[in-house]
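Novice: Got a structure for you, written out below as structure tokens; questions coming shortly.
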Amino acid sequence: MPCEWAPRRVVFLQLSANSKMARILVTGTAGFIGFHTAQKLLDRGDEVVGLDNVNDYYQVQLKRDRLSELAGRDGYHFHEVPLEDAAAVSRIVADGRFDSVIHLAAQAGVRYSLENPRAYVDANLVGFINILEACRHNNIGHLSYASSSSVYGANKSKPFRTSDRVDHPVSLYAATKKANELMAHTYSHLYDLPTTGLRFFTVYGPWGRPDMALWLFTEAILNDQPIKVFNNGQMRRDFTYIDDIVEGVIRVNDKVPQPNPDKDPLDDTTSAAPYKVYNIGNNQPVELMTMITTLEKCIGKEAIKDMMPMQPGDVPETFADIDALQTDVGFRPDTPIDVGIQKFVDWYRQYHVI
């Protein structure tokens, strides 16, 4: 393995353990998770450089408003650049002298991948290889990146364990996220680049995405419009509050994965290379109808329900096993669904002046 990687990794470990400040590139800071991650890093005194293309997949104004919240903060700098622009990504990483990269930018959405598959190839595959190449050539101490619970696809075993095989995705979005994990492992193996994949489970909370169920349901209920309840409500989701997601992201990013020469040959989430994958979920699946009832109570209004069949690309249940997360970084997400939904509704009313 190339010897130049080892000194850089030591510097990062010392900085994470002994210093209050790191210099971190966070991609996707106009997005939901990236915005909150940048806020948390800035709160603890880190310097954050954000990167985002601010595309129009959903309301651009919401993305601009998130960026406005970050813009006035000390230690934050922003580049409006698409991930597909290899030269720009390479230049930003080369100039930044980053201790680590938290890569959260991606084309999101399971259903949209049925409508515009090329957007997922461009952002999630081409964009990811550009991030990997930039990290490789600039001695980045650790690359943490967003994967997804969608990679479990047609998996019937519950809870979803990172040691499960995930070879049967049911959406192109999920396939690109699994591809990201494979690509990351290749770079960890070939170039000794430490990488950690983060499989997020149904993230929700203030500043969330308008294409996700909680936002869509809240908007519809407040406007006396019916909500679409897919699979006739026979679904369960491991809803995970945004603060818990961010806490997991940052703790994992601070822990650089080490090679595991004694890895289990059936476990694809650890490796003889510096590579790791974690679930970040609430470990408490909630029935869709329970989520709706909770939302109705928080809003103070009953929903008009339009019962629908299962949508292509969806799965009936998600359920995260988070034992590895607790063992390795000492953290278990625990925000109750009623608390998280109330915080979202309060933010939604404030944001829309309702």
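Novice: Please tell me if Val101 is over 20 Å from the mean Cα position of the chain (by Cα), in contact (Cβ under 8 Å) with a residue 60 or more places away in the chain and on the phi < 0 side of the Ramachandran plot.
Specialist: no
Novice: Tally up the residues in the range 325-336 that are in contact with a helix residue (DSSP H, G or I) (Cβ under 6 Å, 6 or more places away or on another chain) and either open to solvent by 30 Å² or more (accessible area, probe 1.4 Å) or among the basic types (Lys, Arg) (or both), please.
Specialist: 1
Novice: Still on this structure, please answer the following. With the structure loaded, tell me whether Lys305 is surrounded by fewer than 20 Cβ atoms within 10 Å (Cβ to Cβ), out of contact with any Asp or Glu (no Cβ under 7 Å at 6 or more places or on another chain), within 27 Å of Leu190 (Cβ to Cβ) and charged (D, E, K, R) or whether it fails that test.
Specialist: no
Novice: Please state which of the following conditions Ala179 fails to meet, knowing it meets all the rest: (1) within 17 Å of the chain's Cα centre (by Cα); (2) of a type in the set (A, V, I, L, M, F, W, C); (3) closer than 21 Å to Thr37 by Cα.
Specialist: With (1) within 17 Å of the chain's Cα centre (by Cα); (2) of a type in the set (A, V, I, L, M, F, W, C); (3) closer than 21 Å to Thr37 by Cα applied to Ala179, the lone miss is (3).
Novice: Any idea which residue in the range 199-246 is farthest from the chain's Cα centre (by Cα), counting only those that are assigned to a helix (DSSP H, G or I) and closer than 19 Å to Gly313 by Cα?
Specialist: So, considering only residues that are assigned to a helix (DSSP H, G or I) and closer than 19 Å to Gly313 by Cα, the one farthest from the chain's Cα centre (by Cα) is Asn232.
Novice: Turning to a different aspect of this structure: Which one of these does Asp267 not meet: (1) open to solvent by less than 40 Å² (accessible area, probe 1.4 Å); (2) part of a helix (DSSP H, G or I)?
Specialist: With respect to (1) open to solvent by less than 40 Å² (accessible area, probe 1.4 Å); (2) part of a helix (DSSP H, G or I), Asp267 is out only on (2).
Novice: Hey, among His142, His103, which residue is over 17 Å from Phe200 (Cα atoms), in contact with a Ser or Thr (Cβ under 6 Å, 6 or more places away or on another chain) and open to solvent by less than 20 Å² (accessible area, probe 1.4 Å)?
Specialist: Step by step, each of His142, His103 is checked, and only His142 is over 17 Å from Phe200 (Cα atoms), in contact with a Ser or Thr (Cβ under 6 Å, 6 or more places away or on another chain) and open to solvent by less than 20 Å² (accessible area, probe 1.4 Å).
Novice: Sticking with this structure for a sec: So if I check each of Val89, Val110, which one is assigned to a helix (DSSP H, G or I) and either more than 25 Å from Asp254 (Cβ to Cβ) or without any contact (Cβ under 8 Å) to a residue 60 or more places away in the chain (or both)?
Specialist: Val89
Novice: Among the residues of the range 1-53, write down those that are at pLDDT below 85 and under 11 Å from Asp99 (Cα atoms).
Specialist: Residues satisfying the conditions are Arg8, Arg9, Val10, Val11, Phe12, Leu13, Gln14, Leu15, Ser16.
Novice: Related question: Taking the range 164-181 on its own, how many of its residues are open to solvent by 10 Å² or more (accessible area, probe 1.4 Å), within 23 Å of Val246 (Cα to Cα) and in contact with a Ser or Thr (Cβ under 7 Å, 6 or more places away or on another chain)?
Specialist: Within the range 164-181, residues that are open to solvent by 10 Å² or more (accessible area, probe 1.4 Å), within 23 Å of Val246 (Cα to Cα) and in contact with a Ser or Thr (Cβ under 7 Å, 6 or more places away or on another chain) number 1.
Novice: Looking at Arg64, Arg118, Arg111, which is the one that is loosely packed, with under 15 Cβ neighbours inside 10 Å and closer than 27 Å to Thr195 by Cα?
Specialist: Result of the check over Arg64, Arg118, Arg111: Arg118.
Novice: Taking the range 296-342, which residues are within 20 Å of the chain's Cα centre (by Cα) and among the charged types (D, E, K, R)?
Specialist: Passing the criteria: Asp314, Glu317, Asp321, Asp323, Asp328, Arg332, Asp334.
Novice: Condition first: of a type outside the set (Val, Ile, Thr), open to solvent by 40 Å² or more (accessible area, probe 1.4 Å), part of a loop (DSSP other than H, G, I, E, B) and out of contact with any Pro (no Cβ under 9 Å at 6 or more places or on another chain). Can you find one or more residues in the range 341-351 that meet it?
Specialist: There is no residue in the range 341-351 that is of a type outside the set (Val, Ile, Thr), open to solvent by 40 Å² or more (accessible area, probe 1.4 Å), part of a loop (DSSP other than H, G, I, E, B) and out of contact with any Pro (no Cβ under 9 Å at 6 or more places or on another chain).
Novice: Specify the residue that is nearest to Lys276 (Cα to Cα); the eligible residues are those in the range 182-198 that are open to solvent by less than 10 Å² (accessible area, probe 1.4 Å) and not in a helix (DSSP H, G or I).
Specialist: Per the criteria, the residue is Thr196.
The values are calculated or read from the model by the stated rules, or taken from the named source; none is laboratory data. Since the structure is predicted, the reported quantities are computational estimates derived from the model, not experimental observations. With ideal geometry, Cβ positions are generated from the backbone for all residues, glycine too; neighbour counts draw on all protein chains shown. The area values use the complete protein model at the heavy-atom level, side chains included, leaving out ligands, DNA and RNA. Shrake-Rupley method; radii C 1.70, N 1.55, O 1.52, S 1.80 Å.
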